[in-house]
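The values are calculated or read from the model by the stated rules, or taken from the named source; none is laboratory data. All figures in this text were calculated on a predicted structure; none of them were measured in a lab. All Cβ positions, even for glycine, are placed from backbone atoms using ideal geometry, and neighbour counts span all protein chains on display. Areas reflect the complete protein model, heavy atoms only, side chains present, ligands, DNA and RNA absent. Shrake-Rupley method; radii C 1.70, N 1.55, O 1.52, S 1.80 Å.
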Amino acid sequence: MTQPPDDLVTRFEAERGRLRSVAYRMLGSLSEAEDAVQEGWLRLQRVSSDGSDDVRNLSGWLTTVVGRICLDMLRARSSRREEPLEDGSDGSDGLVEVRVPDPVVRPADPVQEAELADSVGLALLVVLDTLAPAERLAFVLHDMFAVPFEELAPVVERTPAATRQLASRARRRVQGATVPPDTSLARQREVVDAWLAATRVGDFEALLELLDPDVLLRVDAGGGTASGLLRGSLAVAKQAAFYGKLAQAAYPAVVGDTLGIVQAPRGQVVGVLAFTFRGGKVVGVDIIADPPRLAALGIKWASS
């Protein structure tokens, strides 16, 4: 392939960060988002080298192309998806296949915490995972990135009016499934610190005080017997107290758009906990404990 002109490389690199944000919200996977952006670059090179007219609105063109790539990836993922998950509320043990979306994880400090408003949380990504691929594209690209329905319609092979309905239906589902979480960083830090203190000594009663009665715990351990869903403060507190030994080397961290915890004995990350806070309580806990997933996230953690 002919070497792309320098100005095309420069223009694409100026768009890369935004395209990565689009793909991450579409796919909930950092590695897949990078793959989608790279494929967008390859398609831009082909258009540039085949004698076609220059892309006049490069930003809009790249957004819809990356959106189409993500749509195809979501459809391929959906075709492999197994039966809907059960949460064990029927009396079963809840040990089912669970996949928690990739979080962006950073050390917790005042500067990082001040940037939380610019991040996307796991709670939203989990809800987006429940949408049909076309619904997700219409919602993400229109509601989050202001792409007009007239530009989205060809991507989802619908009329602009039908595409508008897709986004509206997705919006209702997102709003119905997500209650605005607590945004007080001070309160989040209090809860995280209290969680660590309670789990380190196995204080079951203290953990109960931090949990909403209907709290939902999702554990992604890569499909092993440790994966699954647990609902209710009693079950979640018992689970947290049981694994208290991991809290001896656990530290507050920025996970997505809230404060969470990284478990890193001797600097080796073995678990990431993301919390959803509401009313001063923990209403959701998402845990990634799958070694290959954690390795792929490339989280660097200095041993303490």
Practice item. Return the loop-located GluC sites (Glu not before Pro) in the stretch 143-219 (DSSP other than H, G, I, E, B) with at most 16 other Cβ atoms within 10 Å of their own Cβ; answer none if there are none. Key: Glu157
Review point. Per-residue HN-Hα couplings for the stretch 248-257, Karplus 6.51 cos²θ - 1.76 cosθ + 1.60 at θ = phi - 60°, whole Hz, x for Gly and Pro?
Key: 5, 10, 10, 9, x, 8, 8, 10, x, 10
**Study point:** Amide H partners (placed H, <5 Å) of Ala221, local residues excluded
**Key:** Val98, Ser227, Gly228, Ala289
Review point. Rank Tyr243, Tyr251 by accessible area, highest first, at a 1.4 Å probe radius?
Key: Tyr243, Tyr251
Revision key, fill the gap. Expected field for Arg169, accessible surface area in Å² at 1.4 Å probe radius, rounded to 10, holds 100 Å²
Check your understanding: In whole angstrom, how far apart do the alpha carbon centroids of the stretch 251-304 and the stretch 24-44 sit?
Key -> 24 Å
Revision key, fill the gap. Extension length gain for Arg18 and Glu150 (0.36 nm per residue less Cα distance), in nm, is 45.5 nm
Point to revise | Test item: Cα-centred dipole of the stretch 132-280, Lys/Arg +1 and Asp/Glu -1 on Cβ, debye | key: 240 debye
Practice item. Show the residues, 5+ positions off or on another chain, whose built amide H is closer than 5 Å to the amide H of Leu211. Key: Val282
Review point. Asp193 to Thr10: extension gain in nm, 0.36 nm per residue of separation minus the Cα-Cα distance?
Key: 61.4 nm
